[in-house]
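The values are calculated or read from the model by the stated rules, or taken from the named source; none is laboratory data. Note that the structure is a prediction, hence the values are computed from the model and not measured. Here the Cβ positions follow ideal geometry from the backbone for every residue, glycine too, while neighbour counts run over all protein chains shown.
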Amino acid sequence: MRTTVMYGAGDVRVEEVPDPVLEAPTDAIVRVVRTCVCGSDLHPYRTMPASGQGTRMGHEFLGVVEDLGPAVAGLNRGDLVVASFAYQDNTCDFCREGVQTSCRHGGFFNTAQAEFVRVPQAAGTLVPLPVGEDSPLLPSLLTLADVYGTGYHAAKRAKVDPRTTVTVIGDGAVGLLAVLSARQLGAERIILMGRHKSRTKLGVEFGATDVVAERGEEGVARVRELTGGDGTHAVLEAVGYRAAYEQALGVVRAGGVISRVGVPQYDDGPIGWGLFGGNVTLTGGPAPVRAYIDELLPAVLDGTVEPGRVFDRTVGLDGVPDGYRAMDRREALKVLVRP
Ligand SMILES: [Zn+2]
């Protein structure tokens, strides 16, 4: 089969590798119908040291079950399924507590930008979809694998509800879907911090009431101005750079919550009076998206929400290297792949 391999910063190739096979009775093999490039794939795309061996890529996919291990219950060959970007048994104590990304038998996918994927813990990871392979809903359904569930996780962790004012930092796919999620959870004031006009325009369609294009101290001052000097109850940080965290500290209201879902690209940052002085809660982490798929699925199926609008380019597997380049140069928001 063909798969995506990254050999270093800016060096993504599509290569032939052996087809995956069942390795454990709890595995399934899925033929990928849709996959995509994630904003988090851009971090290694910018920083990975050159390597002769390369690393396979991709963690978002939906597809058709081709083969099943004897211990997989609840799935059949031929089912169209979506996977969460982390696999899990969905039955252990951590899974039951809603942190599936910390599952005792779990892990993270990194081979999904390919024609086939081996899925460990298939019963706890794959969710059957009641549509066909030709459904126009596939892009929106694919967002359940990561970006929609991740935006939703940010909002849930920040306890967003109709009484909450919200700032979303970042106008990538996760930031825009954090806006959509905050709106779904009832927030009426949602300030989106982002400077790419075509993206913030979609953010407004998803429910943002204000857009702040300024960054850093200027951006903080602008959000403060919009909120009577107080900042917002919830700050959903969907970028991952230290500057975005500092911006979050600047716009959070006393007693509020900073919820981070951008993978942090830093280990050190201010946790002193700026965080402590306002009784601010700092939370967030890799989203246990499996916990949210059942909850988010109905509104996708009935068309109430269209999270798939974050995809603005579609390529085949051969187009994946160009897809990375386009996202890196901000020419594409999110690239959908049809292997
Ligand atoms: Zn588990």
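Going by the structure shown, is Gly98 in a loop (DSSP other than H, G, I, E, B), assigned by TED's automatic domain parsing to the domain that holds Glu16 and either on the phi > 0 side of the Ramachandran plot or within 15 Å of the ligand (Cβ to nearest atom) (or both)? Walk me through it before giving the result.
Working: in a loop (DSSP other than H, G, I, E, B): yes; assigned by TED's automatic domain parsing to the domain that holds Glu16: yes; either on the phi > 0 side of the Ramachandran plot or within 15 Å of the ligand (Cβ to nearest atom) (or both): yes.
Taking the combined requirement at face value, the residue satisfies it.
In region 93-130, what residues are more than 17 Å from Asp27 (Cα to Cα) and of a type in the set (Phe, Trp, Tyr)? If the condition is that a residue be more than 17 Å from Asp27 (Cα to Cα) and of a type in the set (Phe, Trp, Tyr), then Phe94 is the only one that fits.
For region 115-148, filtering for residues that are in contact with a helix residue (DSSP H, G or I) (Cβ under 8 Å, 6 or more places away or on another chain), farther than 16 Å from Val289 by Cα and not β-branched (Val, Ile, Thr) leaves 6.
Taking region 172-190 only, how many residues are without any contact (Cβ under 8 Å) to a residue 60 or more places away in the chain and crowded, with 20+ Cβ neighbours inside 10 Å?
In the first step, residues of region 172-190 are kept if they are without any contact (Cβ under 8 Å) to a residue 60 or more places away in the chain; the result is 179, 181-183, 185-190.
Then drop every residue that is not crowded, with 20+ Cβ neighbours inside 10 Å, which leaves 179, 181-182, 187, 190.
Total satisfying the criteria: 5.
Note on region 58-95: residues that are part of a loop (DSSP other than H, G, I, E, B) and either touching a residue at least 60 places away in the same chain (Cβ under 8 Å) or not aliphatic (A, V, I, L, M) (or both) total 17.
Checked against the criterion of being in the same structural domain as Val310 (by TED's automatic domain parsing) and within 30 Å of Arg260 (Cα to Cα), region 64-79 contains not a single residue that satisfies it.
Just to be sure, is Leu137 touching a strand residue (DSSP E or B) at 6+ places or on another chain (Cβ under 7 Å), assigned by TED's automatic domain parsing to the domain that holds Val305 and modelled with pLDDT of 95 or more?
Numbers: touching a strand residue (DSSP E or B) at 6+ places or on another chain (Cβ under 7 Å): no; assigned by TED's automatic domain parsing to the domain that holds Val305: yes; modelled with pLDDT of 95 or more: yes.
So Leu137 does not fit the description; no.
Just checking, does region 192-200 include any residue being surrounded by fewer than 24 Cβ atoms within 10 Å (Cβ to Cβ), among the aliphatic types (A, V, I, L, M) and more than 15 Å from the chain's Cα centre (by Cα)? No, region 192-200 contains no residue that is surrounded by fewer than 24 Cβ atoms within 10 Å (Cβ to Cβ), among the aliphatic types (A, V, I, L, M) and more than 15 Å from the chain's Cα centre (by Cα).
For region 209-225, check the following and say yes or no: at least one residue is in contact (Cβ under 8 Å) with a residue 40 or more places away in the chain, assigned to a helix (DSSP H, G or I) and within 27 Å of Val82 (Cβ to Cβ). No, region 209-225 contains no residue that is in contact (Cβ under 8 Å) with a residue 40 or more places away in the chain, assigned to a helix (DSSP H, G or I) and within 27 Å of Val82 (Cβ to Cβ). Mind telling me which of the residues Pro286, Pro339 ends up being part of a loop (DSSP other than H, G, I, E, B), in contact with a strand residue (DSSP E or B) (Cβ under 8 Å, 6 or more places away or on another chain), in contact (Cβ under 8 Å) with a residue 60 or more places away in the chain and surrounded by 22 or more Cβ atoms within 10 Å (Cβ to Cβ)? After applying the criteria, what remains is Pro339.
Name every residue in region 70-94 that is within 11 Å of the ligand (Cβ to nearest atom) and either under 12 Å from Ala123 (Cβ atoms) or at pLDDT below 95 (or both), in order of residue number. Give the derivation first.
Residues of region 70-94 that are within 11 Å of the ligand (Cβ to nearest atom), as a first pass: 86-94.
Within region 70-94, Tyr87, Gln88, Asp89, Asn90, Thr91 meet the criteria.
Applying the set (1) in contact with a Ser or Thr (Cβ under 9 Å, 6 or more places away or on another chain); (2) surrounded by fewer than 17 Cβ atoms within 10 Å (Cβ to Cβ); (3) of a type outside the set (Gly, Ala, Ser) to Val64 leaves exactly one unmet item: (1). Among the residues of region 72-92, the one identified as over 16 Å from Ile29 (Cβ atoms) and among the acidic types (Asp, Glu) is Asp89.
Table: residues versus (1) over 22 Å from Val30 (Cα atoms); (2) assigned by TED's automatic domain parsing to the domain that holds Thr91.
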position	(1), (2)
Ile258	yes, no
Trp273	yes, no
Val305	yes, yes
Arg309	yes, yes
Gly316	no, yes
Arg329	yes, yes
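Scanning region 101-124 for residues being among the hydrophobic types (A, V, I, L, M, F, W, C) and within 9 Å of the ligand (Cβ to nearest atom) gives a total of 1.
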